[in-house]
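Okay, here's the structure, questions in a sec.
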Amino acid sequence: MSRKMAIESEKKNIIELSRNQLASWLSDQGVKCYRAGQVLNWIYLRQADTFEVMSDLSKDIRNLLSRHFTIQRLKKTGLEISLDGSRKYLFGLEDGNVVETVLIPEKNHYTLCISSQVGCAQGCVFCLSARGGFIRNLTKGEMVSQVRDIKNDLDRSMPLTNIVFMGMGEPLANYKNVVSAIEVLTDSEFGLQFSSRRLTISTSGLISGLSDLGRDTQVNLAVSLNATENKTRDMLMPINRKYPIEQLLEACRRYPLKPRLRITIEYILISGINDTSDDGKRLVKLLRPIQSKINLIPFNEFEGCDFKRPEEKAIHNFQKILHDNNLTAVIRYSKGRDISAACGQLHANFKRSASLG
Ligand code: SAH
């Protein structure tokens, strides 16, 4: 490694710092701390790639920052575009790992599905992301950059307004970094200016993280329930052996919801496993005490998993049971299935990044 490169690699990625950390670093260097806001403004609102362009800062401050920090982007190692318009980005990380992020066009806005970990430790048997096991947590900067970098790619014709933590990983198992990322995403002054009401964290049901999330943020909550009996959920989602359905739903009931907001309950429909009319009736009973709406996700099949997606008729019958009992239930056909960008199909893959360079 050349000397210049060695020094470059010692610099810290400024995207990993919070506003307070940057302000206190600047003040240690004798720079007024309000300058932190100006720097972050350039990075998040004006998408600056260098400190040199920050024209409202003195040359001395710009040089100081360039000597100590980089403003990094993730390395785009691949992009696949689905027939339905969804785009799956493959991002290469510093250590050679790869994460996937999916941009989904809706009627008049985009939704971005971001990853919170490389791999996943939850071991849900219906999920391809779980197959490779857990590799590591994403840093706050790696999560924020998925959003910042893709926002930079979009033209003004349609805004990116919604972010869902439904990509690879279990967000509540990476709690600290996820909450720090949410802080930047929702900072309306110096961050990416998303409304917390348009951010959704999806969890397999880590109860401790759930109550913390309600205390620390105002984001929407989605809970992957996927079964109505513990024996089925134990089999599908190992986390259920630690936090069974009753405890999970009690935690949902206690979740501090803003008025008129509801928890999203995700329910994958798998043929012969959790899609019977008895399941439908049990689901009605379970969800009665909870302010909720239900997303029914027909199972996305993948090689190496014997589960089957139910027939259309069974899916609609299941939805009807919920509707007849005054529950809101929407069938969500995952987008991007032809490019493996659908729910539960994101997959960390070292080799792919290596082959794409
Ligand atoms: N760990 C978090 C977020 C990632 S999974 C969670 O469990 O919620 C995001 C969603 O995809 C979850 O609702 C999960 O149940 C769903 N999912 C996973 N694999 C799937 C598959 N093969 N078909 C349909 N949905 C799937």
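Along the charge dipole of the chain, which of ASN41, ASN226, ASN295 sits closest to the positive end, that is, farthest toward it, with unit charges on the beta carbon of Lys, Arg, Asp and Glu (+1, +1, -1, -1)?
My answer, from the dipole projection, is ASN41.
Another question, if that's okay. About the Cα centre of the chain, how large is the charge dipole given +1 on each Lys and Arg Cβ and -1 on each Asp and Glu Cβ? Please answer in debye to the nearest 20.
500 debye
For LYS12, list the aspartates and glutamates whose Cα falls under 16 Å from its own Cα; do not include residues on the same chain fewer than 8 positions away.
ASP49, GLU94, ASP95, GLU142
Treating only the Cα positions of the chain as identical point scatterers, give the base-10 log of I(q)/I(0) from the Debye formula at each q in 0.15 Å⁻¹.
Per q value, in the given order, log10 I(q)/I(0) is -1.32.
Considering only ASN108, LEU64, PHE126, whose Cα is most displaced toward the positive end of the charge dipole of the range 1-135, charges sitting on Cβ of Lys, Arg (+1) and Asp, Glu (-1)?
Checked the options; the winner is LEU64.
Order the peptides 241-248, 135-142, 65-72, 98-105 from the highest to the lowest mean number of other Cβ atoms within 10 Å of their residues.
Highest mean packing first, the order is 98-105, 135-142, 65-72, 241-248.
Let me ask you something else. Can you give the charge dipole size of the range 206-357 about its Cα centre, rounded to the nearest 20 debye, using +1 on the beta carbon of Lys and Arg and -1 on the beta carbon of Asp and Glu?
Approximately 480 debye in magnitude.
Rank these by accessible area, largest first, 1.4 Å probe: PHE51, PHE190.
PHE190, PHE51
Explain nothing, just the number: dipole magnitude of the range 130-232 about its Cα centre with +1 on each Lys and Arg Cβ and -1 on each Asp and Glu Cβ, in debye rounded to the nearest 20.
So the magnitude is around 180 debye.
Which order, highest average first, do 36-44, 322-330 follow once you tally other Cβ atoms within 10 Å for each residue and take the mean per peptide?
Put in order of decreasing packing, that is 36-44, 322-330.
Another one. How high is the FRET efficiency between ASN230 and ASP338 when r is their beta carbon distance and R₀ equals 35 Å, given to the nearest 0.05?
0.50
Ignoring ligands, DNA and RNA, what percent of the accessible area of the chain is carbon or sulfur (1.4 Å)?
49 percent
Mind listing the long-range amide H neighbours of LEU269? Cut-off is under 5 Å, sequence gap 5 or more, other chains count too, H placed in the peptide plane at 1.01 Å from N.
For LEU269, the qualifying residues are ILE297, PHE299.
Taking only protein heavy atoms and a 1.4 Å probe, what accessible area per residue, in Å², does the chain have with all protein chains in place?
Per-residue value: 48 Å².
Taking a threshold of 26 Å on the Cα-Cα distance, which of the pairs LYS151/LYS176; LYS231/LYS293; LYS176/LYS231; LYS76/LYS335; LYS176/LYS335 fall above it?
LYS176/LYS231; LYS176/LYS335
How would you classify the range 1-93 from its alpha-carbon gyration tensor, with a ≥ b ≥ c the square roots of the eigenvalues: rounded for a/c under 1.5, else prolate if a/b is greater than b/c, otherwise oblate?
It comes out prolate by the Cα gyration axes.
The values are calculated or read from the model by the stated rules, or taken from the named source; none is laboratory data. Since the model is a prediction, treat every value here as computed from it, not as a measurement. For neighbour counting, all protein chains shown are included, and Cβ atoms are generated from backbone atoms with ideal geometry for every residue, glycine included. These accessible areas exclude ligands, DNA and RNA; they are computed on the full protein's heavy atoms, side chains included. Shrake-Rupley method; radii C 1.70, N 1.55, O 1.52, S 1.80 Å.
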